[in-house]
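The structure appears below as structure tokens.
Derivation of every value follows stated rules applied to the coordinates shown; laboratory data play no part. Not measured: the values here are computed from a predicted model. Ideal geometry is used to build each Cβ from the backbone, glycine not excepted, and the neighbour counts take in all protein chains shown.
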Amino acid sequence: MLDFYCPSARLCVEVDGSGHLDRAAHDDRRSEWLATRGIRVIRFWDHEVSNQREHVLQAIADAIDDRLRAALPLRRFAAPPPPEEGEE
């Protein structure tokens, strides 16, 4: 199960406690598996969430912004469609 997931940004936020110290390899494999499905994982230690809340929230907001911006189509740079026959 993912701790937090934003489907529109395909972003997972994991909050790890000391129990994850001996599970780093497992966590890395899981993050890689999620990445193959287009899901980015960002991790924070539980003490960061408690003691550096503004930093954590800003990092999450930045990650969401990056993911959503990357997903936007670049329509303004696309060539216009060719005119229909008989149109100029």
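Please give the charge dipole size of segment 4-72, origin at the Cα centre, charges +1 on K and R Cβ atoms and -1 on D and E Cβ atoms. Round to the nearest 20 debye. Please list the in-between numbers first.
On the way: 10 positive and 12 negative charges, 74 e Å.
That gives segment 4-72 a dipole magnitude of about 360 debye.
How much length is gained on full extension from T36 to D3, taking 0.36 nm per residue of separation minus their Cα-Cα distance?
Details: separation 33, 0.36 × 33 = 11.88 nm, distance 1.86 nm.
Extending this stretch completely gives an extra 10.0 nm.
If neighbour count is taken as other Cβ atoms inside 10 Å, put R29, R67, R43 in order from fewest to most.
Details: R29 11, R67 17, R43 14.
Ranking R29, R67, R43 by Cβ neighbours within 10 Å, fewest first, gives R29, R43, R67.
With each pseudo-label sitting 7 Å past Cα toward Cβ, what's the L21-L57 distance in nm, one decimal?
Here the modelled spin labels are 3.0 nm apart.
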